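The values are calculated or read from the model by the stated rules, or taken from the named source; none is laboratory data. What you see is a predicted model, and the numbers here were worked out from it, not measured in a lab. Here the Cβ positions follow ideal geometry from the backbone for every residue, glycine too, while neighbour counts run over all protein chains shown. Please note that ligands, DNA and RNA were not included when accessible areas were found on the heavy atoms of the full protein model with its side chains. Shrake-Rupley method; radii C 1.70, N 1.55, O 1.52, S 1.80 Å.
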Amino acid sequence: MTKKKFIVTPWEVRGEVDYDKLIKQFGTKPIDEGLLNRIKKHAGELHPMLRRGIFYSHRSLNWILSEYEKGNTFYLYTGRGPSGDTHLGHLMPWIFTKYLQDKFKVKLIFQLTDDEKFMIKEDMSLDDAVNYGYENALDVIALGFKPDNTEIFLDTEYIKSLYKLAIKVAKRVTFSTAKAVFGFKNSSNIGIIFFTAVQSAPAFLESERQGKQVPCLIPCAIDQDPHFRVTRDVAPHLGYPKPALIHCKFFPSLLGKEKMSASIPGSSIYTTDSPSEARKKIFNAFTGGKATVEEQKKLGGTPEICSVYQYLSYIFEEDDEKLKEQYAQCKRGELLCGEHKQYLADKVERFLIEHQKKREKAKDRIEEFIIRD
Ligand code: TYM
């Protein structure tokens, strides 16, 4: 059997990702039963994304919990590279971050890397990156974060506070390390080579502000891990604690197998899509169904490869029992793809209508969240 190739970097995810292999490749740890029990002890309940193994990998999470138990509370740090509208995949780590914030009652720092997207995307103007930053911030706010424990900034508007930290990191990272971690070439621009230092800075920001070692926990999809490997390597040299991480898998493409991608139309649903656009995309989705209804009824479907089933299990079906039932019915050929698509489309439509209302309201509240210096 030929081995399937895949690639995961902060700027490129290609191929069918083998998540277990990625744990080995990146040197992270799987989230095991013991860790789930520890989280449950504090959070009261496990988020479906934990119960279903969607948040599946970590670094130093046991340490974060031990510090928390000693009364040394962590803060959360996550972000977005504003290269366009927000898709449902981006929401995953933010929905999970909200769960952590509510359960552990901790602060969130949210970085919008307008600088990164300007430097990495040839056709992106700086104005566009800034504008998308503000647009993306509306999606964060719409998820229900509160201004008293959430700070959001764009790098270009908060750089004074980040810069001293960023250059301390940059001085410790050689070009050969940056090349090995991110695959830079001679043709890479020098801005993007430096950029990892800017993404590292917020992991030390609270320690810097408070003048003591404040633990930091970063929820993100596993594509961002390479940045924080660098951050963790330099942390002890700068006298800061290494940030901990909790990683999720990628929300799948509606067209099957690979991570959803902005460059493939129809592969993702955006928070700004109209409900009818979203429905259309769902009705064109790749499923694990058979070629004909007769065959499907006789042989059953394959939910393991079905994007409709995955959409439900990643975000849209909170009820474990219902999900199990749909899996079993699909396998037995009792649930047809058309019906299942309808079921998902109704859920996505309800979500979008609600989210878009909250997004509209967030426009009046954005200044309560944004910090500048
Ligand atoms: P960006 O904008 O590529 O992605 C934002 C967040 O969404 C995650 N993500 C996904 N999660 C699930 N399914 C997907 N299909 C999917 N695609 C992307 C990313 O892992 C990320 O958590 N450089 C960063 C911005 C950033 C950041 C951070 C992210 C700055 N500081 C700290 C995480 C933590 C970026 O371009 O993310």
Legend entry - Separation of the Lys179 and Asp20 label points, Cα + 7 Å toward Cβ, nm: 3.5 nm
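Counting other Cβ atoms within 10 Å, keep those with at most 12, restrict to DSSP loop, and tell me which GluC sites (Glu not before Pro) in the stretch 43-135 are left.
Values: sites: Glu45, Glu67, Glu69, Glu116, Glu122, Glu135; in loops: Glu45, Glu122.
For GluC sites (Glu not before Pro) across the stretch 43-135 that sit outside H, G, I, E and B with at most 12 neighbouring Cβ atoms in 10 Å, the list reads Glu45, Glu122.
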Legend entry - the stretch 204-362: radius of gyration over Cα atoms, expressed as a fraction of 2.2 N^0.38 Å: 1.36
Inset, instruction - Taking only the C-alpha atoms, wrap a convex hull around the stretch 275-361 and report its volume per residue in Å³ as a whole number. - result: 83 Å³
Inset, instruction - Relative to the longest principal axis of the C-alpha atoms of the chain, give the angle of the C-alpha long axis of helix 320-331, reported between 0 and 90° and rounded to the nearest 10°. - result: 50 degrees
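Calculate the FRET efficiency for Lys121 and Lys298 from the Cβ-Cβ distance with a Förster distance of 45 Å, rounded to the nearest 0.05. Before the final figure, lay out each step's value.
Numbers: r = 49 Å, r/R0 = 1.08.
Step by step, r from the Cβ atoms, then E = 0.40.
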Legend entry - Signed unit charges on C-beta, dipole axis of the stretch 6-251, positive-most listed residue Ala129, Ile109, Gly71: Gly71
Inset, instruction - Could you sort out which of Lys70/Lys103; Lys29/Lys249; Lys117/Lys164; Lys105/Lys324 sit more than 24 Å apart by Cα distance in this structure? - result: Lys105/Lys324
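If I take R0 = 35 Å and measure r between the Cβ atoms of Ile7 and Asp148 in this structure, what FRET efficiency does the formula 1/(1 + (r/R0)^6) give, to the nearest 0.05? Please report the intermediate quantities before stating the final value.
Numbers: r = 41 Å, r/R0 = 1.17.
FRET efficiency, Ile7 to Asp148: 0.30.
Determine the gain in length on full extension of the stretch Ser66-Asn131; use 0.36 nm per residue of separation and subtract their C-alpha separation, reporting nm with one decimal. Please report the intermediate quantities before stating the final value.
Details: separation 65, 0.36 × 65 = 23.40 nm, distance 4.01 nm.
Full-extension gain reported as 19.4 nm.
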Inset, instruction - Please give the residues of the stretch 214-241, grouped as numeric ranges, whose backbone N is less than 11 Å from a label point set 7 Å along the Cα-to-Cβ vector of Ser188. - result: 227
Inset, instruction - Could you check the simple spin-label distance between Glu354 and Gln342, using points 7 Å along Cα→Cβ, in nm with one decimal? - result: 2.3 nm
Inset, instruction - May I ask for the percentage of alpha-carbon pairs in the chain that lie more than 27 Å from each other? - result: 50 percent
Legend entry - Top positive-direction residue, dipole computed over the stretch 275-361 with Cβ charges, set Ala291, Leu312, Leu352: Leu352
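Pull out the extension gain between Asn284 and Asp364, defined as 0.36 nm times the separation in residues minus the alpha carbon to alpha carbon distance; nm, one decimal. Walk me through the intermediate numbers first.
On the way: separation 80, 0.36 × 80 = 28.80 nm, distance 3.59 nm.
Taking Asn284 through Asp364 to full extension adds about 25.2 nm, to one decimal.
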Inset, instruction - Per DSSP H run of at least 4 residues, take -39500 (n - 2.57); add these up for the chain, divide by its residues and hand me the 222 nm value, nearest 500 deg cm²/dmol. - result: -16000 deg cm²/dmol
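So what's Rg/Rh here for the stretch 39-110, counting alpha carbon atoms and using the Kirkwood radius for Rh? It would help to have the intermediate numbers written out before the result.
Values: Rg = 13.2 Å, Rh = 13.5 Å.
With Rg and the Kirkwood Rh in hand, the quotient comes to 0.98.
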Inset, instruction - Determine the per residue accessible area of the stretch 58-187 with all protein chains present and a 1.4 angstrom probe, expressed in square angstrom. - result: 43 Å²
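Take every Cα pair under 8 Å in the chain that's 6+ residues apart, average their separations, divide by the length, and report that relative contact order as a whole percent.
Details: 584 pairs, mean separation 74.4, N = 373.
Relative contact order comes out at 20 percent.
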Inset, instruction - Could you work out how far apart the two model spin labels at Arg51 and Lys212 are, taking each label as a point 7 Å from the Cα in the direction of the beta carbon, and quote it in nm? - result: 3.7 nm
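Calculate the FRET efficiency for Lys29 and Ser276 from the Cβ-Cβ distance with a Förster distance of 45 Å, rounded to the nearest 0.05. Working shown, then result.
Values: r = 43 Å, r/R0 = 0.96.
It comes to 0.55.
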Inset, instruction - Taking amide H positions as placed in the peptide plane 1.01 Å from N, state which residues far from His58 in sequence (5 or more) or on other chains have amide H under 5 Å from it. - result: Lys29, Ile31, His247
Legend entry - Bridge type composition, the stretch 6-251 - antiparallel percent by DSSP, nearest 5: 35 percent
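Quick one: pull the percent of accessible area on the chain belonging to carbon and sulfur, 1.4 Å probe, ligands and nucleic acids left out.
Details: 8960 of 17480 Å².
Of the solvent-accessible surface of the chain, carbon and sulfur hold 51 percent.
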Inset, instruction - Distance from a point 7 Å along Cα→Cβ of Arg229 to each backbone N in the stretch 53-67: keep the residues under 17 Å and list them by number. - result: 57-60
